[in-house]
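**Student:** What follows is a single structure, and I will ask about it in a moment.
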Amino acid sequence: MSKFYVTTAIAYVNAPPHIGHALEFIQADVLARYHRAKKDDTYFLTGTDEHGVKVYEIAKEKGVETQQIVDENAEIFISLKEILELSNDDFIRTTQDRHKAGARKLWEKMEEAGDIYKDTYKGNYCVGCEAYIAEKDLDENGMCPNHKKKPKLLEEENYFFRLSKYSDKIREAIESDRLKIVPESRKNEMLNLIGDGLHDVSFSRPKEVLPWGIDVPGDDSQVMYVWGDALSNYITAIGYSAESEHFKKYWPADVHLIGKDILRFHAGIWIGMLMSAGVEIPRAIYVHGFVTSEGHKMSKSLGNVVDPLEYVEKYGADALRYFLMREIPTADDGDFSHGRFVDVYNSELANGLGNLVNRVVMMTEKYAKSRVPNKAGSDVYEDLKEYFDKYDVAMKGFDIKETCDVVMRVIDYGNKYLDDKKPWILAKEGKDDEVMEVLYRSLDILRYVCMLIAPIIPATCRKIIDQLGIEVSEDFSEFGELKVGGNVKKADALFPRLEE
Ligand SMILES: [Zn+2]
């Protein structure tokens, strides 16, 4: 048995979850569920990033404690576990003591290695971005291009991290795939970015500039900047501060799942930090793209922001989960359009999957009194094996979209099998034995469809399993056989057709 530790990026709590969060959480959830079903010792972490100037300013505007704001907003992200049917084992919040202790320890280790030093930093600081903006990146009016606000000219004492020292080692890790970056195009992008070497990075802020964060060990006039505070969550959550058994068991992470905009931080700064502190580096970084809405960048002013919670409320978590996994290229940009949502829902979930389940259950009722016929030995595994192999390759290569395609091919196979065999004609001809074989094999195809959809649309999987009377374990790692003579139950349509 091997272990599988997967993380998402922690979400910043200054705004409610958007469809990009939903995409990332569901992708990570699919991977975690897949590995659990394969009996890997799986650990799935997500969480919230709760420090920084933005939440501090929001709280000040509202006249409440910053902790209250982050508590309220974190609650919304925590509730996604239930809403999106996520199976995360833990949820880290960067305001928790376990996190602060681990972040400080990591800092101290880096300091012991001689990689933290003090220097003066001068630059244009945008509060909205919580970052210094290079002169060349300001717009023609000298404003932050994102916030259309004039940045503050700041000169301050910072601690710096000697990232430059690790450039060659980081490059080597990426080139050799010791740190595997998926897809390949992102690996090349990162190698280009490293180019001749990485620069040292500012690693703290004076408390006047950043009043809401973790104090720098040994200097409480300084607060850790986002790198030491946020990236460290992946180890602090699993017990880095005490080097617990739990930490030793799960670290290094098998996959950090992130959006393309934060690749450089994860494949650069984070890796350098770990190397400096003498901690193993993660095995892989999987990078997904951005989701547009109806062909445009999502923005409040365009009024095209997709609210994942609204979709779950109207169509169910599985409909949203399936659409995001099926429609958005797993490691690239994609578009969320309502028209496509309805098309995919109707053609694949209602007509494809729903119809196959309905046909098999109805025919079992009609020709076999709703009992699983005695045709054990008519297993369909060999006929479907090529699909399972493709599915495994796709899942391991971070191509969840392809796994959805395989699922649809198996569903088509099942529907076509019934069309070819025509049990309704065999029944008229009195060929009962053949009818029973067709029914048994169709039920078995459904059982395999359930195995394949379990990581992607787990609630739907459970409903079908219940209809078939198959016993499975909570994490789907134990998947029972059809029980001859067992009752096959009718149920409401899994996915009622939507109006176009
Ligand atoms: Zn800005």
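**Student:** Which condition number in (1) within 14 Å of the ligand (Cβ to nearest atom); (2) without any contact (Cβ under 8 Å) to a residue 24 or more places away in the chain; (3) charged (D, E, K, R); (4) surrounded by 13 or more Cβ atoms within 10 Å (Cβ to Cβ) is the one that Lys187 fails?
**Tutor:** (1)
**Student:** Also, I was wondering about something else. Consider Gly114 against the criteria (1) closer than 27 Å to Leu274 by Cβ; (2) part of a strand (DSSP E or B); (3) of a type outside the set (Lys, Arg): it satisfies all of them except one. Which criterion is unmet?
**Tutor:** (2)
Here's the yes/no breakdown for (1) among the basic types (Lys, Arg); (2) more than 28 Å from Gly397 (Cα to Cα):
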| site | (1), (2) |
| --- | --- |
| Tyr286 | no, no |
| Gly289 | no, no |
| Lys300 | yes, yes |
| Leu324 | no, no |
| Phe336 | no, no |
| Ala350 | no, yes |
| Gly354 | no, yes |
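**Student:** Still on this structure: I need the full set of residues from segment 341-350 which are free of Cβ contacts under 8 Å to residues at least 40 places away in the same chain and surrounded by 15 or more Cβ atoms within 10 Å (Cβ to Cβ), in order please. Spell out how you get there, then give the answer.
**Tutor:** So in segment 341-350, the residues free of Cβ contacts under 8 Å to residues at least 40 places away in the same chain come out as 341, 343-344, 347.
Phe341, Asp343, Val344 - these are the residues of segment 341-350 that are free of Cβ contacts under 8 Å to residues at least 40 places away in the same chain and surrounded by 15 or more Cβ atoms within 10 Å (Cβ to Cβ).
**Student:** Related question: For Asn124, are the conditions met, namely being within 16 Å of the ligand (Cβ to nearest atom), surrounded by 15 or more Cβ atoms within 10 Å (Cβ to Cβ) and of a type in the set (S, T, N, Q)?
**Tutor:** For Asn124, the condition - within 16 Å of the ligand (Cβ to nearest atom), surrounded by 15 or more Cβ atoms within 10 Å (Cβ to Cβ) and of a type in the set (S, T, N, Q) - is met.
**Student:** Report the residue count in segment 375-420 for those that are crowded, with 18+ Cβ neighbours inside 10 Å and modelled with pLDDT under 95.
**Tutor:** Of the residues in segment 375-420, 2 are crowded, with 18+ Cβ neighbours inside 10 Å and modelled with pLDDT under 95.
**Student:** Residue by residue through segment 146-184, note down the ones that are within 16 Å of the ligand (Cβ to nearest atom) and touching a strand residue (DSSP E or B) at 6+ places or on another chain (Cβ under 8 Å).
**Tutor:** Start the filter on segment 146-184 by keeping residues that are within 16 Å of the ligand (Cβ to nearest atom), which leaves 146-154.
Matches in segment 146-184: Asn146, His147, Lys149, Pro151, Lys152, Leu153, Leu154.
**Student:** While we're here: Could you identify the single residue in Glu111, Glu130, Glu135, Glu140 that is within 16 Å of the ligand (Cβ to nearest atom), surrounded by 12 or more Cβ atoms within 10 Å (Cβ to Cβ) and acidic (Asp, Glu)?
**Tutor:** Working: Glu111 fails: within 16 Å of the ligand (Cβ to nearest atom); Glu135 fails: surrounded by 12 or more Cβ atoms within 10 Å (Cβ to Cβ); Glu140 fails: surrounded by 12 or more Cβ atoms within 10 Å (Cβ to Cβ).
So the residue among Glu111, Glu130, Glu135, Glu140 that is within 16 Å of the ligand (Cβ to nearest atom), surrounded by 12 or more Cβ atoms within 10 Å (Cβ to Cβ) and acidic (Asp, Glu) is Glu130.
**Student:** With the structure loaded, tell me whether Ser204 is more than 22 Å from Glu135 (Cα to Cα), assigned by TED's automatic domain parsing to the domain that holds Asn124 and hydroxyl-bearing (Ser, Thr, Tyr) or whether it fails that test.
**Tutor:** Details: more than 22 Å from Glu135 (Cα to Cα): no; assigned by TED's automatic domain parsing to the domain that holds Asn124: yes; hydroxyl-bearing (Ser, Thr, Tyr): yes.
No.
**Student:** Right, another one. Do we have Lys248 as over 22 Å from Glu85 (Cα atoms) and either surrounded by fewer than 19 Cβ atoms within 10 Å (Cβ to Cβ) or out of contact with any Lys or Arg (no Cβ under 9 Å at 6 or more places or on another chain) (or both) here?
**Tutor:** On the way: over 22 Å from Glu85 (Cα atoms): yes; either surrounded by fewer than 19 Cβ atoms within 10 Å (Cβ to Cβ) or out of contact with any Lys or Arg (no Cβ under 9 Å at 6 or more places or on another chain) (or both): yes.
For Lys248, the condition - over 22 Å from Glu85 (Cα atoms) and either surrounded by fewer than 19 Cβ atoms within 10 Å (Cβ to Cβ) or out of contact with any Lys or Arg (no Cβ under 9 Å at 6 or more places or on another chain) (or both) - is met.
**Student:** Would you call Asn192 within 16 Å of the ligand (Cβ to nearest atom) and either surrounded by fewer than 22 Cβ atoms within 10 Å (Cβ to Cβ) or in the same structural domain as Lys60 (by TED's automatic domain parsing) (or both)? Spell out the reasoning first.
**Tutor:** Working: within 16 Å of the ligand (Cβ to nearest atom): no; either surrounded by fewer than 22 Cβ atoms within 10 Å (Cβ to Cβ) or in the same structural domain as Lys60 (by TED's automatic domain parsing) (or both): yes.
Judged against the criteria, Asn192 is not a match.
**Student:** Moving on to the next point. So Ile456 clears everything in (1) assigned to a helix (DSSP H, G or I); (2) at pLDDT 95 or above except one condition, right? Which one?
**Tutor:** Of the numbered conditions (1) assigned to a helix (DSSP H, G or I); (2) at pLDDT 95 or above, the odd one out for Ile456 is (1).
**Student:** Please go through segment 1-52 and give me each residue that is part of a helix (DSSP H, G or I) and charged (D, E, K, R), ordered by number. I'd like the intermediate steps shown before the answer.
**Tutor:** As a first pass, look at segment 1-52 and keep what is part of a helix (DSSP H, G or I): 19-37.
Within segment 1-52, Glu24, Asp29, Arg33, Arg36 meet the criteria.
**Student:** If I go through segment 53-87 residue by residue, how many of them are more than 19 Å from Gly20 (Cβ to Cβ), part of a loop (DSSP other than H, G, I, E, B) and in contact (Cβ under 8 Å) with a residue 40 or more places away in the chain?
**Tutor:** 1
The values are calculated or read from the model by the stated rules, or taken from the named source; none is laboratory data. Keep in mind that what you see is a predicted model, and the values were worked out from it rather than measured. Cβ: placed from backbone, ideal geometry, glycine included. Neighbour counts: every protein chain shown.
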